[in-house]
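Undergrad: Quick one: the structure is below, and I'll ask about it shortly.
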Amino acid sequence: MTDRLVIIGAGQAGFALAAKLRALKDTRPITIIGAEDALPYQRPPLTKKYLLGEMAFDRLMFRPEQWYADNDVEIRLSTWAEQIKRESKQVVLQDGSVLEYGTLALTTGSTPRALPAAIGGDLEGVYVARDKRDADLLADEMRPGRRVLIIGGGYIGLEAAAVARHRGLEVTVIEMADRILQRVAAKETADIMRVIHESHDVVIREKTGLKRLVGKDGRVSAAELSDGSTIGIDFAIVGIGVVPNDQLAKEAGLEVANGIVVDEYARSSDPAIYAAGDCAVQPWEGGQIRLESVQNAVDQAEAIATIIAGGTSPYEPKPWFWSDQYDVKLQIAGFNLGYDETLLRPGGREGAHSVWYFRKGVFIAVDAINDAKAYVAGKKMLEMGINPDKAILADGSADLKQLLAQS
Ligand SMILES: Cc1cc2nc3c(=O)[nH]c(=O)nc-3n(C[C@H](O)[C@H](O)[C@H](O)COP(=O)(O)OP(=O)(O)OC[C@H]3O[C@@H](n4cnc5c(N)ncnc54)[C@H](O)[C@@H]3O)c2cc1C
């Protein structure tokens, strides 16, 4: 019997789990399995500074190779966990080798939803943005004067649009919903972000879906849109959401429901197997939630480390998220699920705004656009359980600190 911790997935959560366990002075053997050929790295810059060419890859990596040797963390890259044999507590890798585990952690992340081949998704020049390889291919395509179609007006699509404009491309974003950011943010936030993109000459077409991509010699050359129009393009970026990598867990008979179902201790339906990050669906306010953010990946993974090292505290997500577009920093605290009221607060300086979300009168989240003060204050209010006075909140000249004194 081994007490080895095997971590499947060498990304944000996988690395955080190994690092935290070592920080807790836990000495059990650790093996991380990673399908990619790179040491664990952060993904957010892939559609921000890395794509802009302003950040080298070694700055994306969490730690250099030496760290793994120094901390006695075995890492096997460019290989794939293919099967989990729960009865014998073994993981079978793509090359047929077998690893024994005492504890198993699934940190397999998520995969971008692909455009079906039937509508041109398999043409050359059609990209997603998930890993280093995608970003490198995209960076090669981003040359001044070229025309890019971005399918999907979510954060990934809008960040790619901002980088493409910065690099001098002609950019069209199509969004089949009524507005951009429909799934993740209020109308007020979407309106502000739309104005910012349009002021940078991005063409945003809402309520417009893709009928199909048209190819020439196997490469995308045009897009037929749902409003009957056709536009010529040089390449396309698909940003229409992600699906959790839960297949391995499903095949092993673990409970799966749009993600690997875990309890508040990040434990799956098998007590020897944990899951964290994009692939896990966890309890939330009487229901379930799957989060796609750095904060959740790191905090949930660190919670697993603490639990397997003997801790007893449950993990409670305290969501925060950010997005960089042009010189605009959007920071989000809380989770706006089920909001029924919003309040737009003008910030103290030009271009600063915040959108405050309420559900049944209770403050649940804030989007701060170039307004760090609103973000910090909102985050603190959420942590302290403060329900801010809306009259004070709506007054852009009021000092938010007075709301923090509220109880
Ligand atoms: C372009 C981009 C921009 C983003 N921007 C932000 C942002 O601004 N703010 C924010 O909070 N979040 C952002 N995110 C989301 C954030 O990066 C993810 O939520 C986070 O990486 C999730 O961590 P994870 O460990 O769950 O998954 P990942 O970091 O995706 O790691 C999972 C790893 O597991 C590997 N894997 C999967 N299956 C197997 C297998 N069977 N065997 C071996 N390896 C396997 C995958 O190849 C991958 O390397 C962004 C994501 C992307 C792609």
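The values are calculated or read from the model by the stated rules, or taken from the named source; none is laboratory data. Note that this is a predicted model, so its numbers are computed, not measured. Glycine also receives a Cβ, built like all others from the backbone with ideal geometry; neighbour counts cover every protein chain displayed. These accessible areas exclude ligands, DNA and RNA; they are computed on the full protein's heavy atoms, side chains included. Shrake-Rupley method; radii C 1.70, N 1.55, O 1.52, S 1.80 Å.
Undergrad: Return the total of residues in the range 156-189 being open to solvent by 10 Å² or more (accessible area, probe 1.4 Å) and in contact with a strand residue (DSSP E or B) (Cβ under 9 Å, 6 or more places away or on another chain).
TA: Within the range 156-189, residues that are open to solvent by 10 Å² or more (accessible area, probe 1.4 Å) and in contact with a strand residue (DSSP E or B) (Cβ under 9 Å, 6 or more places away or on another chain) number 13.
Undergrad: Enumerate the pairs (first residue in the range 201-229 and under 11 Å from LEU149 (Cβ atoms); second residue anywhere and aromatic (Phe, Trp, Tyr)) with beta-carbon separation below 9 Å, excluding pairs fewer than 6 apart on the same chain, so at least 6 apart or on different chains.
TA: Between residues of the range 201-229 that are under 11 Å from LEU149 (Cβ atoms) and residues that are aromatic (Phe, Trp, Tyr), the close pairs are VAL220/PHE235.
Undergrad: Tell me yes or no: at least one residue of the range 367-377 is loosely packed, with under 14 Cβ neighbours inside 10 Å and under 24 Å from GLY338 (Cα atoms).
TA: The answer is no; no qualifying residue exists.
Undergrad: Let me ask another. Checking the conditions here, which among ARG194, ARG143, ARG205 is under 20 Å from GLY232 (Cα atoms), more than 16 Å from the ligand (Cβ to nearest atom) and not in a loop (DSSP other than H, G, I, E, B)?
TA: Within the list ARG194, ARG143, ARG205, the selection yields ARG205.
Undergrad: Moving to a separate point now. Pick out, from the range 351-407, the helices (runs of 4 or more DSSP H) lying fully within it that include 3 or more residues that are within 25 Å of ARG194 (Cα to Cα) and touching a residue at least 12 places away in the same chain (Cβ under 8 Å).
TA: Those helices (runs of 4 or more DSSP H) span 372-384.
Undergrad: Taking the conditions exactly as written (more than 16 Å from GLY120 (Cβ to Cβ) and not β-branched (Val, Ile, Thr)), does ARG219 satisfy them or not?
TA: Details: more than 16 Å from GLY120 (Cβ to Cβ): no; not β-branched (Val, Ile, Thr): yes.
No: the conditions fail for ARG219.
Undergrad: Something else about it: Please work out which residue is farthest from the ligand (Cβ to nearest atom), limiting yourself to the range 103-122 and to residues that are surrounded by fewer than 20 Cβ atoms within 10 Å (Cβ to Cβ) and more than 22 Å from VAL298 (Cα to Cα).
TA: ALA118
Undergrad: Also, quick follow-up: Check the range 87-95 and report whether any residue there is free of Cβ contacts under 8 Å to residues at least 12 places away in the same chain, closer than 14 Å to LEU5 by Cα, more than 9 Å from the ligand (Cβ to nearest atom) and open to solvent by less than 80 Å² (accessible area, probe 1.4 Å).
TA: yes
Undergrad: Name the residues in the range 11-37 that are within 16 Å of the ligand (Cβ to nearest atom), part of a loop (DSSP other than H, G, I, E, B) and surrounded by fewer than 24 Cβ atoms within 10 Å (Cβ to Cβ), would you?
TA: The answer is GLY34, ALA35, GLU36, ASP37.
Undergrad: Are any of the residues in the range 219-229 open to solvent by 10 Å² or more (accessible area, probe 1.4 Å), under 24 Å from the mean Cα position of the chain (by Cα) and either modelled with pLDDT of 95 or more or within 16 Å of the ligand (Cβ to nearest atom) (or both)?
TA: no
Undergrad: Go through LEU330, LEU344 for me and flag whichever is open to solvent by less than 70 Å² (accessible area, probe 1.4 Å), touching a strand residue (DSSP E or B) at 6+ places or on another chain (Cβ under 9 Å) and modelled with pLDDT of 95 or more.
TA: Sole residue among the options that is open to solvent by less than 70 Å² (accessible area, probe 1.4 Å), touching a strand residue (DSSP E or B) at 6+ places or on another chain (Cβ under 9 Å) and modelled with pLDDT of 95 or more: LEU330.
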